[in-house]
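The values are calculated or read from the model by the stated rules, or taken from the named source; none is laboratory data. Fair warning: this is a prediction, and the values are worked out from it, not measured in the lab. Glycine also receives a Cβ, built like all others from the backbone with ideal geometry; neighbour counts cover every protein chain displayed.
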Amino acid sequence: MSLIVENIHYILYVTGALTMTMFLQAVAPVKMMERTYGSAPTDANGLMIARHWGFMVGLSGLLLIAAGVHPEIRVPVLWFAIIGKAGYSTMILMRMAELKGKPAIMNAVVDIVMIALFVIYLVAV
């Protein structure tokens, strides 16, 4: 546990950068959603929501990086990330049969690893 606590700022930089890759969905929602989930919305409203979701998740990545720099915001940012990543991972795992072979499953696994690191840190401090 002390290894995670001592290096949490590096962990937050890496996990934040990985989470920020969702900004790509704000820029190219069809390509990202087709690649990740196998399909994408085609109507203007669905694309707007996909872009917004990518933007919001990307911002949460920026928050993780900020929490690496500013320890005073670390606890609320980690709880925000844990809840968001747990919700996403749960939804993906509930559709695992449909998404078999798609990157969405690996995304959920990576998010679960991030959740574990964040919880270990929160328990230790």
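Given (1) over 20 Å from residue 83 (Cβ atoms); (2) buried (at least 18 other Cβ atoms within 10 Å of the Cβ), identify the lone condition not met by residue 34.
The one condition residue 34 does not meet is (2).
Being modelled with pLDDT under 95 and surrounded by 14 or more Cβ atoms within 10 Å (Cβ to Cβ) is the filter here; which residues of segment 104-125 pass it?
Result: no residue meets the conditions.
Can we say residue 5 is free of Cβ contacts under 8 Å to residues at least 24 places away in the same chain, more than 24 Å from residue 105 (Cβ to Cβ), in contact with a helix residue (DSSP H, G or I) (Cβ under 8 Å, 6 or more places away or on another chain) and part of a helix (DSSP H, G or I)?
Details: free of Cβ contacts under 8 Å to residues at least 24 places away in the same chain: no; more than 24 Å from residue 105 (Cβ to Cβ): yes; in contact with a helix residue (DSSP H, G or I) (Cβ under 8 Å, 6 or more places away or on another chain): yes; part of a helix (DSSP H, G or I): yes.
In short, no.
I'd like to check something: does segment 40-62 contain any residue that is surrounded by 13 or more Cβ atoms within 10 Å (Cβ to Cβ) and in contact (Cβ under 8 Å) with a residue 60 or more places away in the chain?
no
Go through 98, 72 for me and flag whichever is modelled with pLDDT under 95 and exposed (fewer than 14 other Cβ atoms within 10 Å of the Cβ).
Answer to the check: 98.
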